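Down below is the structure, laid out as structure tokens.
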Amino acid sequence: MVEDGEAQTTYSSMNFIESLEAISTYQTPAVAAHNAMLVLEVKFSYKRNIYDYWKTRKSLSSNRSLQRAAKFKGPEDDDDDPYVCFRRNDSPKTKARNTKTIEELLELRGKFEGHRRLL
């Protein structure tokens with residue numbers, strides 16, 4: 001089943017296509033085969049300038065890549081480089097505070113065991 005909106009769109013697009021066909025009988029299309037190369041030359045006339053620019057940039061950088069690449073941190077690398085990704089985490093260090101807390105918990109457990117035996 002076709003809704004009114006779809007029928008209207010189909011009808012208007014058919015009118016548009018028919019009007020284009022009618023115009024093409026007495027008017028030459030904007031781009032014909034014989035002038036297609038001229039259009040392409042104008043459209044891409046800037047490509048040589050762009051190529052020369054990037055070629056010069058590459059030669060100035062000693063033929064290294066012009067794009068930044070992800071660096072992976074080795075053990076001897078400097079930490080200040082902003083382009084280093086995937087740094088290794090520092091190994092967790094046992095802190096005196098943690099050992100003190102464990103000792104206090106063990107002491108409390110011993111006291112609770114003693115109180116439980118008394119009951």
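Using 0.36 nm per residue, how much length does the chain from Trp54 to Glu18 gain when fully extended, once their Cα-Cα distance is taken away? Extra length from Trp54 to Glu18 when fully extended: 8.2 nm.
You can think of it this way: the chain between Ser45 and Leu106 has 13.8 nm of extra reach, that is 0.36 nm per residue less the Cα-Cα gap. Please compute the modelled spin-label separation between Ser61 and Asp80, points set 7 Å along Cα→Cβ, answer in nm with one decimal. About 2.3 nm, to one decimal.
In order along the range 101-106, the Karplus-derived 3J(HN,Hα) couplings, from 6.51 cos²θ - 1.76 cosθ + 1.60 at θ = phi - 60°, round to 4, 5, 4, 5, 5, 5 Hz, and Gly and Pro are given as x.
Every number in this text was worked out from the coordinates using simple rules, so none of it is lab data. Please read all numbers here as calculations on a predicted model, not as lab measurements. Methodologically, a virtual Cβ is constructed for each residue, glycine included, from the backbone with ideal geometry; neighbour enumeration extends over all protein chains shown.
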